[in-house]
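One structure is given below, encoded as structure tokens.
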Amino acid sequence: MGGGSLEASDKIKVIKGIGDKTEKVFHKLGIETVQDLLEHYPRGYEEFERPVPISSLTEGITASIEAGIAMTPKLKKVRNLQIVNVQVKDSSASMYLTWFNMPFLQKSLRSGYHYIFRGKVVRKNGVLVMEQPGIYQKESYYKLLRILQPVYPLTEGLTNNMVTKAVKQILSELSFAKDYIPKSITREYGLMDRTKAIREVHFPKDRDSMMNARQRLVFDEFFLYILALRKLKEKRTQQHSEYRMQECEECDQLIRQFPYQLTNAQLRVWQEVKHDLQGDFVMNRLIQGDVGSGKTVLAILALLMAAKNGYQACMMVPTEVLAKQHYKSLTEMLVSFGIRTCLLVGSMTAKEKRETYETIKSHSVDLIIGTHALIQEKVEYDNLALVITDEQHRFGVKQREALMNKGGHPHVLVMSATPIPRTLAIILYGDLDISIVDELPAKRLPIKNCVVDTNYRPNAYRFIDKQVAEGRQAYVICPMVEESDEIEAENVMEYTDRLRETLATQVVVEYLHGKMKPKEKNDVMERFANGEIHVLVSTTVVEVGVNVPNATVMMVENAERFGLAQLHQLRGRVGRGEFQSYCIFVCGSSSRDAWERLEILNKSNDGFFIAGEDLKLRGPGDIFGIRQSGEMEFKLGDIFQDASILKAAADAVKKLSDREVDKIFEADPGLENKILHKGTGTL
Ligand code: ADP
Ligand code: MG
């Protein structure tokens, strides 16, 4: 990079054009330093093609048209959204264009003027429209033809242009990028120079160069992550246990009391966990099992065992909704054994929290269930012997560490439903032993699936009416809109309004989205769990772990916009009880690929199989497509898509001597922390 004066560790304020206000907006994306901004990689690229006639547009594609404004634009307000609508036409046809929250366009788009509009073609009320298209003067558009333009992840108040400019400036002024990987390795694996890779990933010369650059950067992400795990493992293994537990009669009693027989897989994993808890060394174990395989009871058994041995134990989950649910079922199951439980979540009042801290410290409770609130500094445990994290992929390794450090060296149990093949799991959870619950409870009726187009909606609604009349409940997952949380929330609310009109009058419909306060979310979830709400319209916030066995319908709108693994998680919200359950995937696209992909879900209910098929279908070329799992996020790397790079990186780390590993970490004392805390991945 140029011979300028910027340092990687400089605050982004040093960049021209970034003042206090813009700096704050960047902070929202976790970008504080020049280095952070360099690692704010594009989520894709735009390649501008020649404009096409309006009459040739089809649903789902992104295209450019050259057209004239046919009338004065209209501005309308829907709740807190301002929508500009305008009709344009070329010699072939006319169509409508729509923009959200850009009211000034009403004045600046003048009737009779010609522009090039580029955007996604969608179907609204039966006709094709373009939403949120870019607007270009003809000359400037033609200059951009065929160049790969970076498209960055954004947040409110930040435009793609602002990010592009800032990154350009850094690249011209920063002399080189830090490279942690030993030369011997970059040579052996044929990796592009890191400085060049960073440049090329932002502003690629061509597609090939971009792919090579990306490969190098993904390798780095994986390499450093695996390296940090290796350090962790060194620290942990063979740690003598301060909490050796005794066999506990109550656990067997609890197993006999369950309304069902444990599966063989559950019994086997319970033996493994029990063996660890009774052994000489500290447990570090991952329990992996598909959604619905019954991991919760294993956690409950382990918690009971710890409590009966006189220790405290806690379980951390990613959402308050889930925390409450676990807390409730746990308390019901364990109260007869004299176990005292409590809940600790962020939305509690300061007073409630203070009181809870006191009960925990004085060991007036045995088991504590909660969210991140469990690792706040103020929480002091007494004899914390076991720490469980559920749906662990949502937590950083560091958070897991923070929780561990609350005790002496407590046993650690991590539970995950992300379907990763064993070979990858061994790499990604290198610091843990792995148990797999590879069997679903018997007697469970397989979920019936269908993939349908939007014309099927009336049938789906009638079906939901019928299910509700029979006493069941339904989820409807609403169109995801990437651009903004506000629009996403808006969609959910609008959809809810429509459902309330469409469904039978006695059907109670409510909504849930990420912008609601935790308390509101809890409240809605609780009413849904109690059966007071029949149909829950939601974004993917329900995806994680929620258990409402009476819900039998999962309807997903715009299913083509989700990763298959995520759809599989969503589907896991139904089929949890004795009733036949149904999953309706509504495909909003007519593209054959989208349908083929969704067909995989139609054919199989097995998460591992689905992940593998998805990968095969997409092939290695489709790098910025839908992410396989919205959860295990590295910045660039996708553990499925880039499985071969992951394996290569693991292989490379293995070849290093301890001395070489130490050297890498010594060169940058903050590195380990950075990798595990935020930089790479949220594993
Ligand atoms: P997950 O593995 O996704 O966390 P849960 O632990 O939430 O799954 O279990 C899903 C549902 O299956 C719960 O309603 C639970 O009571 C039930 N369940 C668990 N184990 C069994 C079993 N052996 N037989 C029948 N039902 C079970
Ligand atoms: Mg679960």
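List of remarks:
- For the stretch 136-167, the set of residues classified as touching a helix residue (DSSP H, G or I) at 6+ places or on another chain (Cβ under 8 Å) and open to solvent by 80 Å² or more (accessible area, probe 1.4 Å) consists of Glu156 only.
- Selection within the stretch 30-71 - modelled with pLDDT of 85 or more and among the β-branched types (Val, Ile, Thr): Ile31, Thr33, Val34, Val52, Ile54, Thr58, Thr62, Ile65, Ile69
- Filtering the stretch 313-360 to residues that are aromatic (Phe, Trp, Tyr) and either without any contact (Cβ under 8 Å) to a residue 60 or more places away in the chain or within 22 Å of Glu377 (Cα to Cα) (or both) leaves Tyr327, Tyr357.
- A count restricted to the stretch 365-383 and to residues that are open to solvent by 50 Å² or more (accessible area, probe 1.4 Å) and under 15 Å from Arg340 (Cβ atoms) stands at 2.
- When the stretch 526-542 is filtered for residues that are open to solvent by less than 10 Å² (accessible area, probe 1.4 Å) and within 16 Å of ligand 2 (Cβ to nearest atom), only Val542 remains.
- Matching entry among Asn530, Asn547 (being polar (S, T, N, Q), within 16 Å of ligand 1 (Cβ to nearest atom), touching a Leu at 6+ places or on another chain (Cβ under 9 Å) and modelled with pLDDT under 95): Asn547
- The set of residues in the stretch 308-349 that are over 22 Å from Asn550 (Cβ atoms) and either open to solvent by less than 10 Å² (accessible area, probe 1.4 Å) or within 16 Å of ligand 1 (Cβ to nearest atom) (or both) comprises Gln312, Ala313, Cys314, Met315, Met316, Pro318, Leu334, Leu344, Val345.
- Options Lys196, Lys274, Lys205; residue that is within 22 Å of Asp668 (Cα to Cα) and either open to solvent by 30 Å² or more (accessible area, probe 1.4 Å) or without any contact (Cβ under 8 Å) to a residue 60 or more places away in the chain (or both): Lys196
- Filtered residues of the stretch 242-271 (kept if buried (at least 20 other Cβ atoms within 10 Å of the Cβ) and within 12 Å of ligand 1 (Cβ to nearest atom)): Gln266, Val269, Trp270
- Residue within the stretch 282-298 that is at pLDDT 95 or above, over 23 Å from the mean Cα position of the chain (by Cα), open to solvent by 10 Å² or more (accessible area, probe 1.4 Å) and more than 16 Å from ligand 2 (Cβ to nearest atom) present: no
- Meets criteria (at pLDDT 85 or above and in a helix (DSSP H, G or I)) for Arg498: yes
- Within the stretch 409-422, residues that are within 8 Å of Leu286 (Cα to Cα) and open to solvent by less than 10 Å² (accessible area, probe 1.4 Å) sit with their Cβ atoms under 6 Å from residues that are within 12 Å of ligand 2 (Cβ to nearest atom) and among the charged types (D, E, K, R), at 6+ positions apart or across chains, in these pairs: Met415/Lys295; Met415/Asp390.
- Filter result for Arg457 (basic (Lys, Arg) and either at pLDDT 90 or above or not in a loop (DSSP other than H, G, I, E, B) (or both)): yes
- Complete set of residues in the stretch 1-40 that are open to solvent by 30 Å² or more (accessible area, probe 1.4 Å) and under 26 Å from Leu144 (Cβ atoms): Met1, Lys16, Gly17, Leu29
- Of the criteria (1) surrounded by fewer than 14 Cβ atoms within 10 Å (Cβ to Cβ); (2) within 22 Å of the chain's Cα centre (by Cα); (3) of a type outside the set (Gly, Ala, Ser), which one Arg43 fails: (1)
- Every listed requirement among (1) of a type in the set (A, V, I, L, M, F, W, C); (2) within 20 Å of Tyr45 (Cβ to Cβ); (3) within 27 Å of the chain's Cα centre (by Cα) is met by Ile170 save one, (3).
- Here Arg285 meets each of (1) more than 11 Å from ligand 1 (Cβ to nearest atom); (2) of a type in the set (Lys, Arg); (3) closer than 22 Å to Arg340 by Cα; (4) in contact with a strand residue (DSSP E or B) (Cβ under 9 Å, 6 or more places away or on another chain) with one exception, condition (3).
- Of all residues assigned to the stretch 114-131, at least one qualifies as being among the aromatic types (Phe, Trp, Tyr) and touching a Gly at 6+ places or on another chain (Cβ under 9 Å).
- Scope the stretch 539-576; condition in a strand (DSSP E or B) and out of contact with any Cys (no Cβ under 7 Å at 6 or more places or on another chain); matching residues: Ala551, Thr552, Val553, Met555, Val556
The values are calculated or read from the model by the stated rules, or taken from the named source; none is laboratory data. Quick caveat, the model's predicted, so the values are computed rather than measured. Backbone-built Cβ (ideal geometry, glycine too); neighbour counts: all protein chains shown. Quick note on the areas: whole protein, heavy atoms, side chains included, nothing else; ligands and nucleic acids left out. Shrake-Rupley method; radii C 1.70, N 1.55, O 1.52, S 1.80 Å.
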